[in-house]
Amino acid sequence: MKVAVVGATGMVGQVMLQVLAERNFPITELIPVASERSVGKTVSYKGKEYTISSMEDAIAARPEIAIFSAGGDTSLKFAPKFAEVGTTVVDNSSAWRMDPDKKLIVPEINASELTAQDKIIANPNCSTIQMVLSLAPLHKKYKVKRLVISTYQSITGTGVKAVQQLENEYNDEKGEMAYNYPIHRNAIPACDVFTENGYTKEEMKLVNETQKILGDRSIAVTATAVRIPVVGGHSEAINVQFENEFDLADVRKLLQAQDGVTVQDNPDTNTYPMPIYAHGKDDVFVGRIRRDFSQENTLNMWVVADNLRKGAATNAVQIAEYLSAQGLL
Ligand code: A2P
């Protein structure tokens, strides 16, 4: 299969190449794409160097699939051009996620919605993916009524510039700032830009994308998203109120049985998920599972995942694998 990776030099793009290689995605021709600045440079894939193509050359090559992680504007402009020549686009930006005509997919939850007519498919936001995957089996059985989420998000979600900023601050060196404030030894309660209602875009993604993926607009969601100086992954404290009474042992069983979820939860041995251990892994890790004794039908849990993997690259590659396996390309 001819596969284009758009944004191949970026933080997510690099992990995409790695995940495609690890999972042995059936690639006959790899077409890495980046901005005009990078055309002619190379990226490596399975130990070989590949020259970066321009967007025009990549479209002209009519790949079966193009996986995008090059920002919303690039997706808005170029995804339709790939779609026009028959390429299926899996897009990691926020550009198409809330478009009513586009599917928003976490394969373990709703890949079965996909058809051969879907030419632009949206990959959800990183913090949404890990949360909905842990909620999906519980929602099915007990129906989620309301979610209160606090996130502790890795700087890798902001891109290369943010990783450089932390590095500079750590080494006491000056350099370009990705954030409005220092991130070393800090916690910044503003991920992405503010919207008119006082919430940030990242917080509103958790609201809107969760309702769309779980297929239930009545779920109440409120979030505070915080950037912390961590590299390995995003963490989330999730307080979930269900419509129905739940059994705590059954909640654990449902989570253990969920594809893509690993339960790490034992207070006796200080076992709980943490970003240093989630780093480089594809699963979503769930722990600190306990009843919220202050309110009925309510549960607390702590959910951690590598935001560049399941939160971005792995989820996108899994969508591509599903399309390929079902003959939808
Ligand atoms: P480049 O390296 O040439 O700038 P990150 O979010 O980690 O900074 O990565 C963004 C990715 O998107 C990079 O691969 C970047 O390429 C790519 N990119 C940015 N703008 C465009 C564009 N207009 N067309 C194609 N790729 C782009």
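The values are calculated or read from the model by the stated rules, or taken from the named source; none is laboratory data. Predicted model only: the values in this text are computed from it and were never measured. Backbone-built Cβ (ideal geometry, glycine too); neighbour counts: all protein chains shown. The protein model used for the area step is the full one, side chains on, heavy atoms only, and it has no ligands, DNA or RNA in it. Shrake-Rupley method; radii C 1.70, N 1.55, O 1.52, S 1.80 Å.
Evaluate the charge dipole of segment 211-329 about its Cα centre and quote only its size in Debye, nearest 20, assuming +1 on the Cβ of each Lys and Arg and -1 on the Cβ of each Asp and Glu.
380
Farthest toward the dipole's positive end in the chain, which of L76, F194, Y170, given Cβ charges of +1 (Lys, Arg) and -1 (Asp, Glu) about the Cα centre?
The listed residue farthest towards the positive side: L76.
Between segment 27-64 and segment 143-195, what is the C-alpha centre distance in whole Å?
Here the two parts' Cα centres lie 30 Å apart.
If I compute solvent accessible area with a 1.4 Å probe over the protein chains, what percent of it on the chain is carbon and sulfur?
Carbon plus sulfur share of accessible area: 48 percent.
No solvent, one uniform scatterer per C-alpha: report log10 I(q)/I(0) for segment 26-144 via the Debye equation at q = 0.11 1/Å, two decimals.
-0.44
Considering only protein heavy atoms, what per residue accessible area in square angstrom results for the chain with a 1.4 angstrom probe?
Value for the chain: 45 Å² per residue.
Which one, K205, K119, K41, has the greatest fluctuation when you compute a Gaussian network model over the chain with C-alpha springs under 10 angstrom?
Looking only at K205, K119, K41, the biggest GNM fluctuation is shown by K41.
Okay, helix-only estimate at 222 nm for the chain: each DSSP H run of n ≥ 4 adds -39500 (n - 2.57), divide by all residues, round to 500 deg cm²/dmol; what do you get?
-9500 deg cm²/dmol
Return the subset of K140/K212; K77/K205; K2/K119 for which the Cα-Cα distance in this structure is over 18 Å, preserving the input order.
K77/K205
If you average 1/r over every pair of different alpha-carbon atoms in the chain and take one over that average, what Kirkwood value in Å do you get?
When all Cα pairs of the chain are included, the Kirkwood radius is 20.4 Å.
Using bins 10 angstrom wide from zero, how does P(r) for segment 1-85 break down, in % of all Cα pairs?
Each 10 Å bin holds this share of Cα pairs: 19, 58, 23, 1.
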